[in-house]
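Below is one structure; the comments refer to it alone.
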Amino acid sequence: MSKIKEIATAVETGKVKLIEALVQEAIDAKEDATAILEEGMITAMAIVGEKFQKNEVFVPEMLVAAKTMKKGVEILRPHLASGSLGKKGKFIIGTVKGDLHDIGKNLVALMVESAGFEVIDLGVDVEPDKFVDALKENPDCKAVGASALLTTTMDALKETVEAIHKAGYKGKVKIMIGGAPITQEFADLIGADAYTPDAGSAATKALELVS
Ligand code: B1M
């Protein structure tokens, strides 16, 4: 079995204790870090999601798969992030109110940091006002990213954009959104400045928006 396939299987089956060594072995074997992330871990999480939908796995299995992926990403982190920290300005990011999914948000944070931003991570279940407070505390911040993974928390994305606009930041701070149920159409509908489907394109878009 290839190293990447072994990593995918480990994430899918929640082998928390094995993942760090497996990722390190793949790096030592000169496997590409992005391939380890995308073909190994992200693909495995998608499979876990499909199995959850079919009632083949349940929340505890999703949780342990997520924990496994997070540990693996920590080993990968230095191989993914390479930018000169903070040169491009500040980027505030969070997962919206009611939503606890943070793996995608963390990957976006990692890639945006790698592109040269100083990332201020507000965590998960972030109330719209918390985004506004963070902007007030960081008046030099040029961009905000909000993530939502549930169809039921898409409304919270809308509220977040509205709160930021209402606080007077419309046109001054760029708002980027993303997450599995999000589309460009939805971004246009709620007045976000950009939608990107993945972490890599989020970093590229952030650079484009602030330059
Ligand atoms: Co949940 N979950 N979950 N879950 N979970 C999903 C999202 C789901 C699709 C599974 C399914 O049914 N197939 C489903 C949502 C269905 C829907 O709304 N349509 C679901 C559900 C239902 C739930 C619960 C309600 C289950 C329950 O309790 N009955 C519950 C909700 C809790 C809550 O948030 N209030 C729940 C809980 C959990 C766990 C806590 C167990 C765990 C999360 C752990 C954690 O994050 N720390 C979990 C997991 C692991 C998943 C799946 C399996 C994997 C998510 C993930 O990490 N993917 C997920 C199934 C799936 O997504 N296929 C599922 C890997 C990650 C790299 O991808 O997050 O999509 P993703 O991020 C991508 C892009 O979306 C994009 O870039 C990332 C990387 O390229 N992106 C952005 C993300 N944010 C962005 C922001 C940007 C730009 C791009 O700009 C700012």
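Read-outs throughout are calculated quantities, based only on the coordinates presented, and are distinct from any laboratory measurement. Given the structure is predicted, the values throughout are model-derived calculations rather than measurements. Every residue, glycine among them, receives a Cβ derived from its backbone with ideal geometry; neighbour counts consider all protein chains shown.
Where the Cα atoms of the chain are projected onto their three principal axes, how long is each span, largest first, in whole Å?
54, 40, 26
Each residue of the stretch 20-28 in order: what ³J(HN,Hα) in whole Hz does its phi give by Karplus 6.51 cos²θ - 1.76 cosθ + 1.60, θ = phi - 60°, with x for Gly and Pro?
Once θ is set to phi - 60°, the couplings for the stretch 20-28 become 4, 5, 4, 5, 4, 4, 5, 5, 4 Hz.
Rounded to a whole number, what is D in µm²/s for the stretch 137-206 from Stokes-Einstein with the Kirkwood radius over alpha-carbon pairs (37 °C, 0.692 mPa s)?
Answer from the Stokes-Einstein relation: 269 µm²/s.
Spin-label point model (7 Å from Cα, Cβ direction): what's the Glu25 to Asp125 distance in nm?
Result for the modelled spin labels: 3.7 nm.
Decide, for the stretch 29-146, between rounded, prolate and oblate: order the square roots of the alpha carbon gyration tensor eigenvalues as a ≥ b ≥ c, take rounded if a/c falls under 1.5, and otherwise choose prolate if a/b is larger than b/c, else oblate. Kindly include the intermediate steps, with their values, before the conclusion.
Numbers: a/c = 3.25, a/b = 1.33, b/c = 2.44.
It comes out oblate by the Cα gyration axes.
Given the pairs Lys70/Lys97; Lys136/Lys172; Lys142/Lys172, which are separated by over 19 angstrom at their Cα positions?
Values: Lys70/Lys97 21 Å; Lys136/Lys172 12 Å; Lys142/Lys172 7 Å.
Cα-Cα > 19 Å for Lys70/Lys97; rest within.
Tell me the angle of helix 43-53 to the major Cα principal axis of the chain, expressed in degrees between 0 and 90 and rounded to the nearest ten.
For helix 43-53, the angle is close to 80 degrees.
By how many degrees, 0 to 90 and rounded to 10, does the Cα axis of helix 128-137 deviate from the longest principal axis of the chain?
Long axis of 128-137 versus the principal axis of the chain: about 70 degrees.
Say we join alpha carbon atoms closer than 10 Å with springs in a Gaussian network model of the chain; which of Pro60, Pro181, Pro128 then has the biggest fluctuation?
Largest GNM mean-square fluctuation: Pro60.
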